[in-house]
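See below for the structure under consideration.
FYI, it's all coordinate maths here, none of it is from the lab. Since the model is a prediction, treat every value here as computed from it, not as a measurement. Cβ placement follows ideal geometry from the backbone for every residue including glycine, while neighbour counts extend to all protein chains displayed.
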Amino acid sequence: MPDTPPVFRFAPSPNGLLHLGHALSALLNHDMAKAANGRFLLRIEDIDQTRCRPEFEAAIFEDLAWLGLNWERPVRRQSEHLDAYASALHRLGELGVVYPSVMTRGEIKAAVTDAEAGGKAWPRDPDGSPLYPGRERELRQSERAALIASGKAYAWRLDMAKALALLGGGPLSWRESGAGPAGETGAITADPAAWGDIILSRSDAPSSYHLSVVVDDALQGITHVVRGRDLYHATAVHRLLQQLLGLPEPLYHHHRLVLGPDGRKLSKSNQDTGIAAFRAAGRAPEEVLEHVAQECLAGLR
């Protein structure tokens, strides 16, 4: 049988206009797939229906086509596959590694403030957010059922300690062909515990980014995940979920970020760095390609 071709994907969220950082990631995925005689897929990550809008999705297609990229059809939209994420969440529930949580952001902030005022250092995740207190973690089944039936808004969280214990305490790692913030490459030791009890599903979002991305990558047969270094540490969570759900492990490649004048990564609020802004100003696609060419070359190293 012939070897299966490698599969790459670019997966933006239609909650704003694409910027030069997105152009870099899309171009890297597209060009790496072409160089490997592989496939290039476009996925629309539109779980968050409160922020995702059809006009932004249309702009994604227009921007990428203007840059000269081609992708396979049909395009996968997460909003059309909510049952797949619900099934994965149900499986994690059967494993006994999820619990409903009801603490609001305000309540979490108050708990952290009180602890720190008392001299206790509160643990924070790699992005700097305080870890969830987990006060509902030890509720009995009847208490969890009562909490859900109460009508209060709740989220399903991963019980990180139970999840790691289920794996037997063995080492967890991923294969990195790019580089981390400090140049890390090769076999990378994963530390999902650093993220605490992550959210898997909320009342206003049927699946979190962490859960949906590993499910989608598996269902689409993604073999190479090429994305920015801002998601480097999150890979630890993704490897844990893949292990729990019996999903395949792709090869990861984290590329450098395109930074703004302030030295921070670009956001969709940076209209002056938007691909559409270049197009509206009468610039040629080649100018955008040239603008990120050196970033692409660095990302391939």
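Would you mind getting me the FRET efficiency between residue 35 and residue 286? Use the beta-carbon distance for r and R0 = 25 Å, nearest 0.05. Before the final figure, lay out each step's value.
Working: r = 20 Å, r/R0 = 0.80.
Calculated value: 0.80.
Calculate for the chain the 222 nm mean residue ellipticity that helices alone would give, adding -39,500 (n - 2.57) per DSSP H run of length 4 or more and normalising by residue count, nearest 500 deg cm²/dmol. It comes out at -11500 deg cm²/dmol, rounded to the nearest 500.
Relative contact order of the chain: 25 percent, from C-alpha pairs under 8 Å at least 6 residues apart in sequence.
Taking every alpha-carbon pair in the chain and binning the separations at 20 Å intervals from zero gives 30, 57, 12, 0 percent.
About its Cα centre, what dipole magnitude does region 162-216 give when the only charges are +1 on Lys and Arg Cβ and -1 on Asp and Glu Cβ, stated in debye to the nearest 20? Intermediate results must be reported in sequence, preceding the final value.
Numbers: 3 positive and 6 negative charges, 28 e Å.
In debye, rounded to 20, region 162-216 gives about 140.
Once the Cβ-Cβ distance of residue 153 and residue 194 is raised to the sixth power relative to R0 = 35 Å, the FRET efficiency obtained is 0.85. For the chain, with the dipole built from +1 on Lys and Arg beta-carbon atoms and -1 on Asp and Glu ones, taken about the Cα centre, which of 147, 28, 248 lies farthest toward the positive end? It is 147.
For the pair region 222-261 / region 163-183, the C-alpha centres are spaced 11 Å from each other. Taking the DSSP beta bridges with both ends in the chain, the antiparallel portion is around 55 percent. Its Cα gyration tensor gives region 81-216 an equivalent ellipsoid. The semi-axes, each the square root of 5 times an eigenvalue, are 26, 22, 14 Å from largest down. Taking the fewest neighbouring Cβ atoms within 10 Å as the starting point, the ordered list for 18, 245 is 245, 18. Stretching residue 75 away from residue 122 to a fully extended chain increases their span by 12.7 nm, per 0.36 nm per residue minus the current alpha-carbon distance.
In Å, the Kirkwood hydrodynamic radius of region 146-234 over pairs of distinct alpha carbons? Could the numbers behind the result be given before it?
On the way: mean 1/r = 0.0650 Å⁻¹.
Radius from the Kirkwood sum: 15.4 Å.
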